[in-house]
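As structure tokens, the structure follows; a few thoughts come after it.
The values are calculated or read from the model by the stated rules, or taken from the named source; none is laboratory data. It should be emphasised that the depicted structure is a prediction, and the values quoted were computed from it without experimental measurement. FYI the Cβ positions are ideal-geometry reconstructions off the backbone, even for glycines, and counts take in every protein chain you see.
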Amino acid sequence: MLRSVFLSALVGTGLALAGPAVAGPTLDAVKARGSVKCGMAAGGTPGFMAPDSKGQWQGFNVEVCRAVATALFGDPKKIEIVPATSANRFTALQAGEMDILLNNVTMTLVRDTQLGFNFAPVIFYDGQGFLAPRKLGVSAASGLNGATVCVLPGTTTELNLADYFRKSNMTFTPVVIESQDEIRSAYFSGRCDVMTNDRSSLASIRSLAPNPDDHVVLPDVISKEPLAPTIRQGDEQWSNIVRWTVNALVEAEESGITSKNVDDMLTSNDPGIRRFLGVTAGLGAAIELDEKWAYKVVKSVGNYGEIYDRNLGPATPIGLARGVNALWTKGGLMYSPPFR
Ligand SMILES: N[C@@H](CCC(=O)N[C@@H](CS)C(=O)NCC(=O)O)C(=O)O
């Protein structure tokens, strides 16, 4: 009887019998180095990840990297950007050249299993599409029979492209170029009729055209591209930190906590907000971070919505509406598991 009372008490509080996550090599290395190394597209994808005029990397993915650095060090500047191409990014991550790969990696079965990676929660739900010069006069992908298509190697893009043309009984000629800047110039100089990639990246490429209105992202969405921070398998502790940092960005937005009001929120009497911000201790100890880790993340980089609006939203040159990346409470897919 006593035993079952004890067990049900454990279940009720959610306490597991196991202790904290086993220490993993990544966190040790990150702490010894004093910074988080994030892999980003070598050729840059403005809005997501690209150096600004001062050579400082900026963008949505860079801010996710900064969020992890803040969770660990309380300082969003403690990051190092490791440029990677679509073709060499997975070997670079596996070789330990970076702690998190953030160059718009699509979560897939093979990457999650055979290739030995793990994924943090999706930070951007995307789909593949086509960018076409308006003067090509094509208004839908069904008009692309016989087209030459610029495509990056080692991507889901390359695989979906073949699938799509096959199932549509159409032919195409791929123009495969490994570097993002070269493929962009190839497209702009007319070496291929159209360019294919995640539609958000196409919006980014379009924004770089001398006249963006000369190009159009076709309406077709030919695949699912859930983009997620990618880490090596087998390091539970690191996985927990990256996963819950992403969750914290979404949770903050759900709870109405922003970089502007986070200090006022410290006096909220909502128990959930108090736990999240570390006013009531416990969650920090559970994840083996400072009790104020989530507070610091929101204070320095903001919540998911703030990061989205600043880098990708309608007020930016990329101009992407939230769409399916809205919170679940607003009809979208963004949802954080409970902070308790
Ligand atoms: N989501 C697709 C495509 C990813 C992709 O094309 N990423 C681009 C950045 S948006 C890249 O890696 N570019 C490398 C470069 O800059 O050379 C995948 O995971 O395979």
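Only residues that are assigned to a helix (DSSP H, G or I), under 21 Å from Lys37 (Cβ atoms) and within 12 Å of the ligand (Cβ to nearest atom) were counted in region 94-127, giving 1.
Of the helices (runs of 4 or more DSSP H) lying entirely inside region 212-318, those carrying at least 1 residues that are within 16 Å of the ligand (Cβ to nearest atom) and within 30 Å of Val149 (Cβ to Cβ) are 304-311.
Taking the criterion of being farther than 23 Å from Met40 by Cβ and either at pLDDT below 95 or not in a loop (DSSP other than H, G, I, E, B) (or both), the residues of region 170-187 that qualify are Phe172, Thr173, Pro174, Val175. Looking across Val110, Val82, one residue alone is in the same structural domain as Gly234 (by TED's automatic domain parsing) and touching a Gly at 6+ places or on another chain (Cβ under 6 Å). It is Val82.
Residues of region 23-32 that are in contact (Cβ under 8 Å) with a residue 40 or more places away in the chain, surrounded by fewer than 18 Cβ atoms within 10 Å (Cβ to Cβ) and over 14 Å from Asn240 (Cα atoms): Ala29, Lys31. Scanning region 219-245 for residues being within 20 Å of Lys31 (Cβ to Cβ) and either hydrophobic (A, V, I, L, M, F, W, C) or crowded, with 19+ Cβ neighbours inside 10 Å (or both) gives a total of 12. Of the residues making up region 258-281, those that are hydroxyl-bearing (Ser, Thr, Tyr) and surrounded by 12 or more Cβ atoms within 10 Å (Cβ to Cβ) are Thr258, Ser259, Ser268, Thr280.
Applying the criterion of being within 11 Å of the ligand (Cβ to nearest atom) and over 19 Å from Asn118 (Cβ atoms) to the residues of region 61-93, the residue that is surrounded by the most Cβ atoms within 10 Å (Cβ to Cβ) is Ser86. Among the residues making up region 128-169, those that are in contact (Cβ under 8 Å) with a residue 60 or more places away in the chain, part of a helix (DSSP H, G or I), surrounded by 12 or more Cβ atoms within 10 Å (Cβ to Cβ) and away from the ligand (no atom under 14 Å from the Cβ) are Arg134, Ala141. If you go through region 35-65 and pick out every residue that is within 24 Å of Thr106 (Cα to Cα) and either touching a strand residue (DSSP E or B) at 6+ places or on another chain (Cβ under 6 Å) or among the hydroxyl-bearing types (Ser, Thr, Tyr) (or both), you end up with 16.
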